[in-house]
Ligand SMILES: Nc1ncnc2c1ncn2[C@@H]1O[C@H](COP(=O)(O)OP(=O)(O)O)[C@@H](O)[C@H]1O
Ligand code: SF4
Ligand SMILES: [Mg+2]
């Protein structure tokens, strides 16, 4: 079993003399064989965290571990033996392909980088394309000649080329037509089942996460505010932010649907340039109390084994 561990990750960006705390102290563990859903509004730091998880970006503080080894070497680059074990699937499949190179070239690239191309590599590429449900003939086409769904399949084939243990999928279906989303999700589920992959599935779409994740982590303004088993979280969310997400999701059930009006999110998503003091959710929280304005709630475990950062979780 491979375990990816993110430990106290911080990532800040400077812009116009101000600092954005895009990721502000995140711990997350993902093992092969499980799907962890990372949910939260746009701008909460999901992509930044995904890029750090695969070594495409370096944290300002904290570290990423694969089993008992740091992902990044002392020079800040990913060790070759580690690189192959964890791969990223991007939201924007079009943007992730070079328009001047064929699909076959793109899928073969990781193999040639790692010196694993056999001959011209066409047989390897054909096998990879078949695994993701694409006709091998597509390898000679350029990216613009594929549909969005085909291109996302090709990007998954490229991610699988080095036989990784873990896939980080950053909103892999968000830019696809609704009609092909289910197909790509099913493909990811099949790969997860057949290969025993670990998948970090990043999404702002609760419905999707709810359908496929084994565990869920809810992110708000650079922090994880609640995490736990998929069923438990949606059966009884403890954090007011998670309750708002649950209530605003069309497939919300039971009392979360009834309490929809009261729980719907108030106000604009805040900015990582100005994280509120105390509980970072307090300006939007429907049950805020005085203490929330000054005391930052730490993540703590409440029954049944849910981690939550809220003073009033009980
Ligand atoms: N390279 C960058 N330079 C400056 N700010 C950035 C950069 N990347 C992300 N940010 C900021 O960090 C925050 C989190 O962004 P992101 O990780 O893309 O969130 P999400 O994927 O959840 O929408 C946003 O406010 C975004 O503007
Ligand atoms: S700590 Fe206070 S402001 Fe934050 S979510 Fe809990 S009740 Fe709301
Ligand atoms: Mg994003």
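FYI, it's all coordinate maths here, none of it is from the lab. Please read these numbers as outputs of a predicted model, since none were measured by experiment. Note that we place each Cβ from the backbone using ideal geometry, even for glycine, and neighbour counts take in every protein chain shown.
Take every DSSP beta bridge with both residues inside the chain and express the antiparallel ones as a percent of the total, to the nearest 5. Write out the running numbers ahead of the final one.
On the way: 30 of 48 bridges.
Taking every DSSP beta bridge within the chain, about 60 percent pair in antiparallel fashion.
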### Distance between segment 72-143 and segment 15-65 - C-alpha centres, whole angstrom
24
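For n ≥ 4 DSSP H runs only, could you compute -39500 (n - 2.57) per run for the chain, divide by its residues and tell me the 222 nm figure to the nearest 500?
Numbers: 12 runs with 99 residues, N = 314.
After summing the helix terms and dividing by residue count, I get -8500 deg cm²/dmol.
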### Query
Expressed as a rounded percentage, what relative contact order does segment 1-120 have, with Cα pairs under 8 Å and six or more residues apart?
23
### Query
What angle, in degrees between 0 and 90 and rounded to the nearest 10, separates the Cα long axis of helix 103-113 from the longest principal axis of the Cα atoms of the chain?
90
### Task
Can you tell me how much longer the chain between residue 60 and residue 3 gets when fully stretched, taken as 0.36 nm per residue apart minus their C-alpha distance, in nm with one decimal?
18.3 nm
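Between residue 68 and residue 137, take the C-beta separation as r, use R0 = 51 Å, and let me know the FRET efficiency to the nearest 0.05. Let's see the in-between values first.
Values: r = 44 Å, r/R0 = 0.86.
FRET efficiency, residue 68 to residue 137: 0.70.
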### Rg to Rh, two decimals, where the chain supplies the alpha carbon set and Rh follows Kirkwood
0.99
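When only Cα pairs under 8 Å and 6 or more residues apart are kept, what is the percent relative contact order across the chain? Walk me through the intermediate numbers first.
Numbers: 597 pairs, mean separation 64.7, N = 314.
Rounded, it is 21 percent for the chain.
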### Query
Using 7 Å Cα-to-Cβ label points, what is the residue 190/residue 101 separation (nm, one decimal)?
2.6
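How would 193, 280 line up from fewest to most surrounding beta-carbon atoms within 10 angstrom?
On the way: 193 10, 280 24.
Lowest to highest Cβ neighbour count: 193, 280.
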### Task
Describe numerically, in nm with one decimal, the distance between label points set 7 Å from Cα along Cα→Cβ at residue 81 and at residue 41.
4.5
### Message
Angle check, please: helix 148-160 long axis (alpha carbons) against the longest principal axis of the chain (alpha carbons), in degrees 0 to 90, nearest 10.
### Response
80
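Quick one: if you take sqrt(5λ) for each eigenvalue of the C-alpha gyration tensor of segment 67-164, what semi-axes come out, biggest first, whole angstrom? Each step should come with its number before you reach the end.
Details: eigenvalues 123, 46, 28 Å².
One finds semi-axes of 25, 15, 12 Å for segment 67-164.
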### Message
If you fit an axis through the alpha-carbon atoms of helix 122-131 and take the longest principal axis of the Cα set of the chain, what angle between them do you get, 0 to 90°, nearest 10?
### Response
40
### Task
Run the quick spin-label model on residue 94 and residue 180: label points 7 Å from Cα toward the beta carbon, then report their separation in nm to one decimal.
1.1
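If you take the beta carbon distance between residue 229 and residue 109 as r and set R0 to 51 Å, what does 1/(1 + (r/R0)^6) give as a FRET efficiency, to the nearest 0.05? Don't skip to the end; give the middle numbers.
Details: r = 38 Å, r/R0 = 0.74.
Once the sixth-power term is evaluated, E becomes 0.85.
Quote to one decimal, in nm, the extra length available between residue 15 and residue 298 on full extension: 0.36 nm per residue of separation minus the C-alpha distance between them.
Using 0.36 nm per residue and subtracting the Cα-Cα distance, I get 99.1 nm.
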